[in-house]
Amino acid sequence: MASSPPIVEASLNAAVLCSKLSTALPGKVFLPGSLEYNSSVDSYFFRTAKQTPACILKPQSADEVEAIVKILAANPGVKFAIRSGGHTPNPCQSNVDNGVTIDLRGLKRIDKKEGQDGVLSVGTGAEWGDVYDYLENTGRGAVGSRESSVGVGGFITGGGLSFFAPELGFACDNVVNMEIVTSKGIVNANAHENTDLFRAIRGGQGNFGIVTRFDIKTHERNTYWGGGILYPDTTEDAQFQAWSDLKNGKYDPYAAVIQSYLYFGAQKAFMVSNNMVYLKHIERPTGLAGFENIQPQVPGTNTMRLDTTKNFALELQAWQPLDQYAVYVTTTIKLSPSVGKKINSIWREATNLISDSPNITSVLTYQQFPPQDKDNPNGMGLNASDELHKDHFIIIISIYWHEIKDSERIANTTKDAVNKMEAAAAEENALHPFKYINYAAFWQQPPSSYGQGAKDAAEEVSAKYDPYLLFRKQAVGFKYS
Ligand SMILES: Cc1cc2nc3c(=O)[nH]c(=O)nc-3n(C[C@H](O)[C@H](O)[C@H](O)COP(=O)(O)OP(=O)(O)OC[C@H]3O[C@@H](n4cnc5c(N)ncnc54)[C@H](O)[C@@H]3O)c2cc1C
């Protein structure tokens, strides 16, 4: 079956709605052809998300977001998109053809939270690079994206895998409060107020409301060990051995490795990279030695050193293919060398099938599952007692290409590959149902993977905060089935 992105039908009402919004919020509503509209569409990270809404709204405050939500609720039938950093590669998630897109990048203020030591208030429209700039030279770190241009809003509401994941869990578990515009108005959600919403929205993205501000914990962190190394793909066995050695020993919360198998179409070359950090100010820690000692390495590519989060995030960002079409797809497995080798081989086979697409980049990445906090559960329905962090991995396949004509073929090949990977993992009892929403493809259904308890809780939260299901039905994005 073909994998085509969802298409939102043109709505005659959209133009009328844009005009009502324009009257209520003068100077904040932009129509096709205007400079502001074009720059907003152009600023999406991937071409796949550069859709054309009937109008783009650019609120500057939570009150303006609330005014927008009231008007959307009073005019059902028009789809709308919530956009922070615009980094999803999926169409119809933070943008929407013929609907209304709320571009939240005007809400990007970063401030120390009055009266709460070490807590930083960050507007949803900020990029993680802004947060790292703010914290540079303060001796404190924040649990954010490993690449600086990623938006705060989608990243945190989707979970958020950071350099600190093995020690501190998902980014969303390091938030102490969120300011959220629901269809009933502006609320704060935290461990004491609106606790059900606070839980569900961490993993639920735009299903319950629009987060306008996150109050996040910062922690003491200066420089630590990290960087990247590129190896030929003949090191595959040694790479899986290094994982086994790391995982079979005592759990090390400071060792974070992002292992990617890469195909660079421009060079027609398969490679492996490890981007890694050891979260302490220690040179050449034994915790990463298994990966750092793998030979051969591609000469001149070893960047391991003591440095700051800001610089590690800029380094990783520099690897990103820019201005491309892209597809992400994810799954979760218990990793062993035998499962890993089967998965790699399926990925290589799929990559060979699409390698004729000009300058294609195909990447298969393994990331350690973060530990869960039993006292502060999020909305992803994961049990802390399952201890997935000990041996489970989140996999993302990300493919980047340049020509729109290749889009359907690449999506189909990728879909087929992940189905085969899941079958191979299932044969070895190594498949976990969890799908990480920030890495999911448009045909996947991450909220449906969260387990019945989380789905039931989501229903209750919607009934309480969004009784007419504005966010469940009218907002585009991943939905609970
Ligand atoms: C270059 C790059 C690097 C990445 N690095 C990492 C990484 O290190 N770790 C990781 O876990 N992921 C990473 N990702 C994936 C990234 O986390 C997701 O794409 C994330 O959703 C991006 O957030 P955004 O605000 O930029 O997204 P957007 O595209 O603006 O939004 C994504 C989704 O979140 C919803 N959303 C956005 N803001 C809000 C809000 N305020 N309230 C409610 N819903 C909202 C949107 O409606 C949409 O469905 C990376 C992606 C890219 C392109």
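Annotations
- Residue match in region 275-290 (condition: among the polar types (S, T, N, Q) and touching a residue at least 24 places away in the same chain (Cβ under 8 Å)): yes
- Residues in region 54-91 that are within 22 Å of the chain's Cα centre (by Cα) and more than 9 Å from the ligand (Cβ to nearest atom): F80, P91.
- Screening I394 with (1) farther than 19 Å from Q320 by Cβ; (2) within 13 Å of the ligand (Cβ to nearest atom) gives one miss only, at (1).
- For region 421-441, filtering for residues that are surrounded by fewer than 17 Cβ atoms within 10 Å (Cβ to Cβ) and either touching a Phe, Trp or Tyr at 6+ places or on another chain (Cβ under 7 Å) or of a type in the set (D, E, K, R) (or both) leaves 2.
- Among the residues listed as P76, P89, P32, P26, the single one being surrounded by fewer than 17 Cβ atoms within 10 Å (Cβ to Cβ) and touching a residue at least 60 places away in the same chain (Cβ under 8 Å): P76
- If you go through region 115-154 and keep only what is surrounded by fewer than 21 Cβ atoms within 10 Å (Cβ to Cβ) and among the small types (G, A, S), you end up with G115, G118, S121, G129, G139, S149.
- Taken over region 167-195, the criterion of being assigned to a helix (DSSP H, G or I) and touching an Asp or Glu at 6+ places or on another chain (Cβ under 7 Å) is satisfied by D173 alone.
- G477 vs. criteria within 13 Å of the ligand (Cβ to nearest atom), at pLDDT 95 or above, under 16 Å from the mean Cα position of the chain (by Cα) and farther than 29 Å from A255 by Cα: yes
- Of all residues in region 155-167, those being within 6 Å of the ligand (Cβ to nearest atom) and farther than 17 Å from I110 by Cβ number 3.
- Flag not set for V96, criterion: among the β-branched types (V, I, T) and more than 13 Å from the ligand (Cβ to nearest atom).
- Enumeration of residues in region 319-374 that are free of Cβ contacts under 8 Å to residues at least 40 places away in the same chain and closer than 20 Å to L431 by Cα: S345, F369
The values are calculated or read from the model by the stated rules, or taken from the named source; none is laboratory data. The structure displayed is predicted, hence computed values, not measured ones. Positions of Cβ are generated from backbone atoms using ideal geometry, with glycine treated the same way; all protein chains shown enter the neighbour counts.
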